[in-house]
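Values quoted throughout were computed directly from the atomic coordinates according to the rules given, and no laboratory measurement underlies them. Please read all numbers here as calculations on a predicted model, not as lab measurements. Neighbour counts are summed over all protein chains in view; Cβ atoms, including those assigned to glycine, are modelled from backbone coordinates with ideal geometry.
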Amino acid sequence: MDTIFALASARGRAGVAVLRISGPLAHWAAGQLCALPPVRHAGLRVLRYQGEVLDQAVVLAFAAPHSFTGEDSVELHLHGSIAVVAKVSDVLAQMGGLRLAEAGEFTRRAMDNGHLDLTQVEGLADLIDAESESQRKQALQVLSGVIAQKVAPWRADLLRAAALIEATIDFADEDVPFDVSPEVLGLLTRVQQDLAAEHARSGAAAAIREGFEVAILGAPNVGKSTLLNALAQREAAITSDIAGTTRDVIEVRMHIGGLLVTVLDTAGLRDSDDVVESIGIARAKQRAEAADLRIFLLQRADERFDIQPRPDDIVRLAKGDVVQGSIPSVSGKTGAGLDALLAEIAHKLEGKTSAAGVFSRQRHIQALGVAQAALQKAIAALPRATEAPEVIATEIRVALNALEGILGHIGVEDLLGEIFSSFCIGK
């Protein structure tokens, strides 16, 4: 395997720049620049090549398999000058057997060497991209290997069930001393129930990873855009006294209660003969149906729309600076009631995250569904186990393969290129 190198810290001028080298020639290459410090000990060294001083750096060496990639590796902590990084990179490129790393190649090697499974790779990618506190916590949890820990007992139970069923196939012409169906039923039922529970919790997990959507709904000119601007603390949407100003859905990303939230300003809900406004209203209803939470701004307490509030939606009387009523009010113009609204949004969304699982990506959710469906078929076929054990064994294998695919053990080659291309060069 080639020895690779790349800048592992952000590009551009900085206090420190970290250049990472990994592969069988890593220690040799660093040794061409300085006297290598003892493994896992940092040393301050002057880097020289062919008599020329390159920089003064902190050098840290790792020996396989005790490194991020599982290979011999070295980190050069250089002064964060663009010129210094370019010079050291050029010198390394001149050495035989070394080349610049491709996007995500360090992480790919960590996976190939058994230091990470695919879900941990995805967790690392999510950690790098995390924008909110909740995303950071979720990514760290996945990076720790929690998904593999959940899958391991399911896999063990399914392997036991498969072995019992396949034993009846292998000894079909002989008298099997006991009926394996009750034990197999118990194993499959337990795993199927666990999968169903995780599948039900995956929606909240996906929302944490991708961000929640909160839609503001109400009649035209009720103050939705003004409220959006107040929440965003900037002029994100055009406001005017003319009804129907907002024709399309306006999105603003913000953090509320440590969660990443996209707040949607929608077209006013009313019957309209204007073709463009009607399209905007249709889009508003569509996005509102899919939103995690809706805020209904009412002109009066008994106002009703085609879309009715769900039990966990928020209802506010609009223009609370001039209107008061029997329900809480808010004013985007003066900020009256804004803090209470933000607190309620945070509380509502935190309630959704409390039940979140760890399977947050669409491929995880799909695999859980495949495994769950296969086990349902296997359980349904169990009463005919003596007649068609092959059917049950096949469905158990389908479930096993789906779970193995989550961890990246089988059937994900086409996916790997896409995942690792999302990493930066030095990761």
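At-a-glance table
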read-out	value
Relative contact order computed over the range 3-112 (Cα-Cα under 8 Å; 6+ residues apart), in percent	31 percent
Share, in percent, of DSSP beta bridges within the chain that are antiparallel, nearest 5	65 percent
Test item: Cα-centred dipole of the range 282-427, Lys/Arg +1 and Asp/Glu -1 on Cβ, debye	420 debye
Estimated dipole of the chain in Debye, rounded to 20 [Cβ of Lys and Arg +1, of Asp and Glu -1, Cα centre]	1560 debye
Listed residues Ala101, Ala6, Ser81: farthest to the positive end of the dipole of the range 3-112 (Cβ charges)	Ser81
Under-5 Å amide H pairs with Ser329, H placed in peptide plane, nonlocal only	Leu317
Segments 221-229, 122-130, 148-156 sorted - mean Cβ within 10 Å per residue, highest first	221-229, 122-130, 148-156
Linear extension gain, Ile279 paired with Ala152, 0.36 nm per residue minus alpha-carbon span	40.8 nm
Fraction of alpha-carbon pairs over 38 Å apart in the chain - percent	48 percent
For the chain: relative contact order, % (alpha-carbon pairs under 8 angstrom, 6 or more apart)	17 percent
Between the range 309-347 and the range 30-44, the alpha-carbon center distance in angstrom	62 Å
Largest-first ellipsoid semi-axes for the range 127-228, taking √(5λ) over the Cα gyration tensor eigenvalues, angstrom	49, 18, 8
Among Val121, Gln141, Trp154 the positive-end extreme of the charge dipole of the range 113-158 (Cβ point charges)	Trp154
